[in-house]
Amino acid sequence: MLKTHQDRNQLQMLSLDTAVDKNSIVRVIDVFVDLLDLKEIGFIVKGQIKNGAPAFHAADLLKLYYYGYSNRVRSSRRLDREATTNLEAIWLIKGCRPGYKTIANFRKDNPKALKKVFRIYNRFLLGQGLFDTECVGIDGSKFQGQNSTKNNYNEKKVTQHLNHIEKQTQHYLKEMDRLDEVETETEIELEQRIELSEKLNHLQKRKDKYVDLDQKVKAARADGHTQVSTTDPDARALPKRMNVVQVGYNVVIAADLKNKLITNFKVANQLDTYLLADVAKDARVVLQKKKDEKLTVLADKGFDTGSELKACAENDITTIVAVKKRLSNKKNKAFAKNKFYYDEEKNEYRCPENEALKTNGTWYQKKAYGQHRAEYKFQRYTCSLNICRACPHKIDCVGQSNLDKSKGRIIERSNFESYIEENTERYKLNKELYRNRQAIVEHQFGIIKRQWGFDYTLLKTKKKVEAEFAIIFTCYNLRRSVSILGIPELIERLKAAFVFVNVLLQAILKKSKPSFSIIKNNHFTFSKN
């Protein structure tokens, strides 16, 4: 027997609230956004349009975005459709029907406020004891930007285009010269001349374009950049894997050891090399670490940079960063730099044959090399030429070319070397803890890129891309905290924390503007400016 269908024309008494599951994440989103003072946070709250309908409330648009991103929908046109066809979305924004342009503009117009909401929710999580305040993992992942590889240029690429245009131009000019030699020009030759003139005009326009790009690339190089992107000016070509290059952004996150919640993030258009310290220091701020309180940071070898390890050490951050292979020009690895022992008291190196390499105490400067190496200082440690010439390993250690130049073995030691050595030692002693890094901080990107399909950005410029990732990471932490606490418990805790804020806020606002501080034991605290 077939199941009986319901009559579509039958009138029904229906409440929207009964159509939405009690354990749906929309209920958490609804409570959380309603508890926020969006005007105080900095959202653009628009009023009545002249001779038109009232503007949509910022809360409704923010709810729609959190609902959409939590359900893998982020296109403004698709969100427009969800607002009219999806029962949960209709319930969430109480039947409002914002157009796709209104939805898109809200995201573009509120980048700072969206980042603030991410931080506010994280302060709430900290107050609930959901963050591990002792250890975080840090990792980065590349995201495709709104700029094709074709519209990304460096000096080499521009030069190739200009050379190609020059060759074509010379070829067409020779053809024009050939036609000029003809005494009586036929109709076919006249058409050829017109066609060649059009091609030369087109080439001139292309040449003007690439000459302009060449000037922009040179101007960018003066500011320390090597690329120019014409669609999204902040996007950069970054190596993704092997020889694959992707024009976009490198998004670096920090996540706590206990619940794998995202504490903070940074959107950059450079490699991981010089990003560790900034992200680690931000994590300290989010976790409310006091001076002299240590924070342990786990990161892969892409972050193993001496200057970054030094900056971390100076800010009470203990690094356990995987050690990258540092280049050695020695074929025999027994005589690589790491096989030489450094005596800190005497400030000298000892070679495998226990001979001393000493320094004259002078600090030299190593120039920067693009984004791959910043400028740094180093000292040279040298061994006596006579000792090296008498050594049975002189060819493997010193090399014939250096011996011919009357040079003994030379080792360079940067001003960051001691921090690199300390980190290397910690890494060797804490391999069990380091093995947790992948579980702490890599699966977030797996969920966001593979499960949610957010492996590219929708917005242009770094400022707006940061706003989009603030939405993505807020949604991730919302979903993660639902998994940890459950929806009823999370809603109860949100209300307990934020109700206290609203009462306190109104009292303080009468006297002076408060500055947001922290939540502890379900309560926020404020300090006066």
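The values are calculated or read from the model by the stated rules, or taken from the named source; none is laboratory data. Note that this is a predicted model, so its numbers are computed, not measured. Ideal geometry is used to build each Cβ from the backbone, glycine not excepted, and the neighbour counts take in all protein chains shown. Just so you know, the surface numbers come from the protein's heavy atoms only, side chains and all, with ligands and any DNA or RNA stripped out. Shrake-Rupley method; radii C 1.70, N 1.55, O 1.52, S 1.80 Å.
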The Cα extents of region 222-318 along the principal axes, largest first and rounded to whole Å, are 45, 31, 24
Expected unfolding gain across residue 363-residue 432 under the 0.36 nm per residue rule, minus the alpha-carbon gap, is 21.0 nm
All alpha-carbon distances of the chain, grouped into 10 Å bins from 0, give the whole-percent distribution 3, 14, 19, 19, 16, 12, 9, 5, 2, 0, 0
Contour minus Cα-Cα span, residue 333 to residue 455, at 0.36 nm per residue, comes to 39.8 nm
A chain fully extended from residue 148 to residue 396 at 0.36 nm per residue, minus the present Cα-Cα distance, gains in nm 84.5 nm
Rounded to the nearest 10 Å², the accessible area of residue 460 using a 1.4 Å probe with every protein chain kept is 90
Under 18 Å by backbone N from the virtual spin label 7 Å along Cα-to-Cβ at residue 346, the residues of region 388-419 are 388, 391, 409-413
Expressed as a percent, the accessible surface of region 95-186 that is carbon or sulfur, using a 1.4 Å probe and the full set of protein chains, is 46
So, for the Cα atoms of region 77-172, Rg and Dmax in Å stand at 24.2, 74
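How compact is region 10-167 by the rule of thumb for globular proteins, expressed as Cα Rg over 2.2 N^0.38 Å?
Working: Rg = 21.7 Å, N = 158, 2.2 N^0.38 = 15.1 Å.
Cα Rg divided by the expected 2.2 N^0.38 Å: 1.44.
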Note to self: C-alpha centroids of region 461-481 and region 227-303 sit apart, in Å, by 14
Projected onto their principal axes, the Cα atoms of region 295-442 stretch, largest extent first, over whole-Å spans of 53, 32, 29
Scoring the chain by relative contact order with C-alpha pairs under 8 Å, at least six apart, yields a percentage of 18
The Kirkwood hydrodynamic radius of region 308-361, taken as the inverse of the mean 1/r over all distinct Cα pairs, in Å, comes to 13.7
So for R0 = 30 Å, FRET eff. of residue 175-residue 215 from the Cβ-Cβ r, to 0.05, ends up at 0.50
Per residue, accessible area of the chain with a 1.4 Å probe, heavy atoms of protein chains only, in Å², comes to 56
On the formula 1/(1 + (r/R0)^6), with r taken between the Cβ atoms of residue 288 and residue 187 and R0 of 56 Å, the FRET efficiency rounded to 0.05 is 0.10
